[in-house]
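Everything on this sheet refers to the single structure shown next.
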Amino acid sequence: CPLCADTGATLVLVSGSPEMSQRNNQREQSHRPFLMAVVHQGNGSDSRRRRKRGLECDGKVRVCCKRQFYVNFKDIGWNDWIIAPSGYHANYCEGDCPSHVASIAGSTLSFHSTVISHYRMRGYSPFQNLRSCCVPTRLRAMSMLYYNEEQKIIKKDIQNMIVEDCGCS
């Protein structure tokens, strides 16, 4: 897989022995081969920190990732009421959420998204025409200094201003 080497993952196709396959043909297909991903985690603190973050967009990756984006309040005409900061790294999410990624618990916004994705992959209505999309899964607050309606200076921590991680919904 193209991203496996970058993430330290190994894909293993697990199937039974020929005798087991013969027995499986005689009963229901409840014991089918499955694909197992073995992810090797590093030992250092740097790898631990990297593991907690979502995938960063780097031009090579087309799957759901976080794209760096700087918001300059002057560009959107907000510099007349926002005192500080003059801008910030808001970031945003972009990329594909193929069904094989969107159905993996941990790569999605919620377990609910994983369940719906499994229904969608099996063609159940009304989910068959829905597509998973790349959305923020973790956001961070940012402190701002600004003028309110009465022209008083306010210092406030504004929730959900900075995209930290992205995933499939």
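The values are calculated or read from the model by the stated rules, or taken from the named source; none is laboratory data. Keep in mind that this is a model prediction, so the values were computed, not measured. Glycine gets a Cβ as well: all are built from the backbone with ideal geometry, and neighbour counts include every protein chain shown.
Anything in the stretch 75-99 that is surrounded by fewer than 16 Cβ atoms within 10 Å (Cβ to Cβ) and assigned to a loop (DSSP other than H, G, I, E, B)? List them, or say none. Selection gives Asp75, Ile76, Gly77, Trp78, Asn79, Asp80, Trp81, Pro85, Ser86, Ala90, Pro98. Just the residues that are under 18 Å from Met161 (Cβ atoms), at pLDDT 85 or above and part of a loop (DSSP other than H, G, I, E, B), please, taken from the stretch 40-74. The answer is Gln68, Phe69, Phe73, Lys74. Residues in the stretch 116-169 that are over 17 Å from Ala90 (Cβ atoms) and among the aromatic types (Phe, Trp, Tyr) were compared, and the one that is surrounded by the fewest Cβ atoms within 10 Å (Cβ to Cβ) is Tyr124.
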